[in-house]
Amino acid sequence: MTQTPGLLEVELPPFAHANAAPLTRARASELFATHGNYVWNALRRLGVRREDLEDLTHDTFVTVYKHWASFDAERPVRPWLFGFALRVASDHRRLARHRLEVSAPEHEPHDERPDAADVLLQKEREALAHAALSAIELSRRAVFILHELDGSTVPEIAAALQIPVATAYSRLRLAREDFAGAVKRLSLRAG
Amino acid sequence: MSTPREEASVESLLGSLRGDVEEMRTFARRRIAARLTLSVLAQVFAPALVPSFFSNGFFRSKGFAVGLALPLGMVLGASGYAVLQDHHLATKPRELTAAIALKLPPSVPNGATLSPPPPVPIEVAAPVPAPPAVSPPLVRPHSPHAPALRDTLIPNRELSQLEKARTLLTEGQVTATLAQVRKHVISYPHSALEQERQALYVKALVAADRMIEARVRAAAFVKRFPNSPLRGSVEKAVAVDSVMVR
């Protein structure tokens with residue numbers, strides 16, 4: 001591809017610590033292209049509102065780029081990325097309580113398809129699952145998501161979240177209990 | 001199809017969550033990519049080159065973003081988001097006509113395609129001493145109103161004993177696995193890892209071809225822990241005469 005010199009050509013210094021592998025343009029682009037969706041969904045599962053997902057996905061990657069030099073290449077990248085998403089979501093939660101922004105409820109048009117009832121039931125099931133997930137406290141939810149939904153092992157989770165392995169196991173266990181309890185409560189309430 | 005009003009299986013709801021993966025919309029992806037470019041510039045260059053409001057979060061404001069779009073569009077043009085040369089987003093290659101071209105260390109060919117990039121091992125340019133670790137900070141309690149939460153820590157020894165049993169099973173040492181699990185029961189009769197221990201024991205019995213006993217224990221597991229996330233794997237282990245790793 002022919003690249004025409006633009007109005008402003010600048011030399012980008014290494015976006016990392018000295019003596020560390022620099023984050024190249026290609027690597028930064030590839031990181032977002034490959035894992036942007038994953039971070040987006042991680043933030044969703046951590047309870048970030050839809051209208052804030054774009055901002056927080058951006059913030060997460062900015063933080064990831066800043067800390068790129070600390071990444072251990074021998075470890076899987078997604079749990080590491082999840083750690084940053086968790087911090088961003090956690091900080092956002094602290095601030096979100098002070099906001100007065102109220103988003104309009106989504107309008108669902110009437111569905112005329114013959115399988116509309118099945119689709120509706122599936123949506124209700126997903127809503128129940130998400131409600132039960134939201135009932136889990138954030139730090140436990142993080143371990144739960146990484147293990148039960150993303151398939152990471154507990155040692156990987158512990159390394160990514162910088163917590164002891166025993167703590168990770170403990171949080172996973174408690175999260176499972178919280179999830180099961182929430183499912184039961186919500187099912188009874190709905191029934 | 002069961003309704004949510006019926007008692008929902010935890011495992012089936014987990015399956016529902018696993019399948020609920022949303023795809024970022026194209027416009028959202030492009031906007032984020034463009035903002036990442038500007039954020040990088042704001043972090044790296046002198047404020048004189050880039051207005052400070054790019055770095056202080058003001059850019060986040062939706063109202064400002066809309067107001068900024070017009071003058072920004074004159075500078076960056078339609079290729080603004082392609083500054084990162086994210087060919088994954090563009091429909092076909094474009095020339096940078098009026099854009100900020102980032103000249104980085106030539107470690108990657110200019111023509112390198114980025115779409116759709118599979119996960120690749122992270123490349124390190126040269127062997128370097130490990131920098132001080134800057135890890136994502138631990139999650140602190142995020143709300144002063146939340147009840148004080150205390151994790152019940154599982155002692156390392158209790159954990160490592162069960163991990164040893166798991167490793168033995170993976171290596172095919174079935175008899176040793178069963179012995180290790182029995183030892184764990186004696187050492188920690190009221191273990192917090194009861195479910196994991198029981199599930200492991202069932203799988204070890206299957207591996208030992210002790211199917212009748214495995215099925216009895218699996219049934220007891222399901223009765224005792226009906227909502228356990230391990231229920232699915234326990235039921236699956238005894239459903240067929242699958243022989244575990246020997």
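Listing for the model above:
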| quantity | calculated |
| --- | --- |
| Whole-Hz ³J(HN,Hα) from phi, Karplus 6.51 cos²θ - 1.76 cosθ + 1.60, for the range B:217-234, glycine and proline x | 5, 5, 5, 5, 4, 5, 5, 7, 10, x, 9, 5, x, 8, 4, x, 5, 5 |
| Shielding by partners, peptide A:162-173 (average Cβ within 10 angstrom, other chains) | 6 |
| Per-residue average of Cβ from other chains inside 10 Å of A:139-149 | 3 |
| In the B-A interface, the accessible area buried, summed over both sides, Å² (probe 1.4 Å) | 9300 |
| Restraint check, B:164/B:236; A:66/A:123; B:183/B:203; B:203/B:223; A:123/B:223; A:123/A:184, Cα-Cα greater than 27 Å | A:66/A:123; A:123/B:223 |
| Probe 1.4 Å, accessible area per residue of the range A:127-172, Å² | 27 |
| 10 Å Cβ neighbours from other chains, averaged over peptide A:68-74 | 4 |
| Loop GluC sites (Glu not before Pro), the range B:167-220, which have at most 14 other Cβ atoms in a 10 Å radius of their Cβ (DSSP) | B:171 |
| Derived scalar couplings ³J(HN,Hα) [the range B:18-33; Karplus, 6.51 cos²θ - 1.76 cosθ + 1.60; whole Hz; x for Gly, Pro] | 4, x, 8, 10, 8, 9, 4, 5, 4, 5, 5, 4, 5, 5, 4, 4 |
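The values are calculated or read from the model by the stated rules, or taken from the named source; none is laboratory data. Since we're looking at a predicted model, the values are computed, not measured. Neighbour counts run over all protein chains shown; Cβ positions are idealised from the backbone, glycine included. Accessible surface is based on the protein model in full, side chains and every heavy atom, while ligands, DNA and RNA are left aside. Shrake-Rupley method; radii C 1.70, N 1.55, O 1.52, S 1.80 Å.
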